[in-house]
1. Can you name every residue in the stretch 222-232 that is of a type outside the set (Lys, Arg) and either without any contact (Cβ under 8 Å) to a residue 40 or more places away in the chain or in contact with a strand residue (DSSP E or B) (Cβ under 8 Å, 6 or more places away or on another chain) (or both)?
2. Given the criterion buried (at least 17 other Cβ atoms within 10 Å of the Cβ), charged (D, E, K, R), part of a strand (DSSP E or B) and modelled with pLDDT of 95 or more, identify the matching residue among Arg167, Arg196, Arg176, Arg171.
3. Six or more apart or on different chains, Cβ atoms under 8 Å: show the pairs whose first residue is in the stretch 67-78 and within 12 Å of Ile3 (Cβ to Cβ) and in contact (Cβ under 8 Å) with a residue 12 or more places away in the chain and whose second is small (Gly, Ala, Ser) and assigned to a loop (DSSP other than H, G, I, E, B).
4. Out of curiosity, is Gly208 exposed (fewer than 13 other Cβ atoms within 10 Å of the Cβ) and touching a residue at least 24 places away in the same chain (Cβ under 8 Å)?
5. Out of the residues in the stretch 90-128 meeting the condition of being free of Cβ contacts under 8 Å to residues at least 60 places away in the same chain and under 22 Å from the mean Cα position of the chain (by Cα), tell me which one is surrounded by the fewest Cβ atoms within 10 Å (Cβ to Cβ).
6. Taking Ala85 as meeting all but one of (1) touching a helix residue (DSSP H, G or I) at 6+ places or on another chain (Cβ under 6 Å); (2) among the small types (Gly, Ala, Ser); (3) surrounded by 16 or more Cβ atoms within 10 Å (Cβ to Cβ), write down the number of the exception.
7. Out of curiosity, is Arg76 out of contact with any strand residue (DSSP E or B) (no Cβ under 9 Å at 6 or more places or on another chain) and either surrounded by fewer than 21 Cβ atoms within 10 Å (Cβ to Cβ) or basic (Lys, Arg) (or both)?
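The values are calculated or read from the model by the stated rules, or taken from the named source; none is laboratory data. Worth saying up front: this structure is predicted, and the values here are computed from it rather than measured. Here Cβ is always computed from backbone atoms with ideal geometry, including for glycine, and neighbour counts include all displayed protein chains.
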Amino acid sequence: MRIALGVEYDGSRFCGWQTQPDGCAVQDALERALGEIAGEPVATVCAGRTDAGVHALGQVVHFDTAARRPGSAWVRGVNVLLPPACAVTWSQEVAGDFHARYSAQSRGYRYVLLNHAVRPAADHTRVGWFHVPLELEPMRRAARLLLGEHDFSAFRSAECQARTPVRTLSRLDIARRGDYVVFDLRANAFLHHMVRNIVGCLVHVGKGGCPPEWIGEVLAGRDRTRAAPTFPAAGLYLARVDYDARWSLPAAPRSTLLEMGNG
């Protein structure tokens, strides 16, 4: 049977989602724990592969197994075997044609940026940081130029393996919460480093480095070298993955990081 899981993790404790030879990835830790509960090797597929240092609050995973276990075994049982920085939040048996990646309709990411003169210490792995005060209205005007279906080549990394750079960005909201600036993005899918590169460009606009129209020129130019530097991974969260209602998947648990803005 096929099982879907909700997973959250602190990305600073892992070398990314995708399995690595030394077993340092989220996928490695999750598959080891699932294999112990199933009594057989387990291979997982995720909705969105995250880089080292990137966190997840609403990652979705599926795997196939011949093992019959109560639903609680795939949550509480697996969590006993996982490191503290990773947890399964829900499990559900799904039809065999469900696919965590290909059945997803959209992904939502949140970037949390501390906009303060002094760098963070206790939260240095959980938030990005920029010391110059940012003006949000120019950033919002720039953000609107990115909405819709575009070729996002200017915002993809050189290592991106996506077959096409065309993506549909349906949401890019920016809100201030005290000393924090919160970016919420939603798209059908994202390119490698796309969110971090967009945030970098918006911050460049917000500090007065360029007018909002510049980001439209960067987008149209499709040249990564014309964009701002990639922002750090620390403030980035895979917040949610959306599926058709026919799959009846549980909603991601609420988090104070999601409640910080209007996510």
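1. Thr225, Ala228, Pro229, Phe231, Pro232 - these are the residues of the stretch 222-232 that are of a type outside the set (Lys, Arg) and either without any contact (Cβ under 8 Å) to a residue 40 or more places away in the chain or in contact with a strand residue (DSSP E or B) (Cβ under 8 Å, 6 or more places away or on another chain) (or both).
2. Result: Arg167 is the single residue among Arg167, Arg196, Arg176, Arg171 that is buried (at least 17 other Cβ atoms within 10 Å of the Cβ), charged (D, E, K, R), part of a strand (DSSP E or B) and modelled with pLDDT of 95 or more.
3. That search, which allows pairs on different chains as well, returns Ala67/Gly39.
4. yes
5. Ala122
6. (3)
7. no
Table: residues versus (1) of a type in the set (D, E, K, R); (2) closer than 28 Å to Ala47 by Cβ; (3) modelled with pLDDT of 95 or more.
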site	(1), (2), (3)
Ala85	no, yes, yes
Gly96	no, yes, yes
Ser103	no, yes, yes
Leu113	no, yes, yes
Val118	no, no, yes
Leu134	no, no, yes
Leu147	no, yes, yes
His150	no, yes, yes
Ser157	no, yes, no
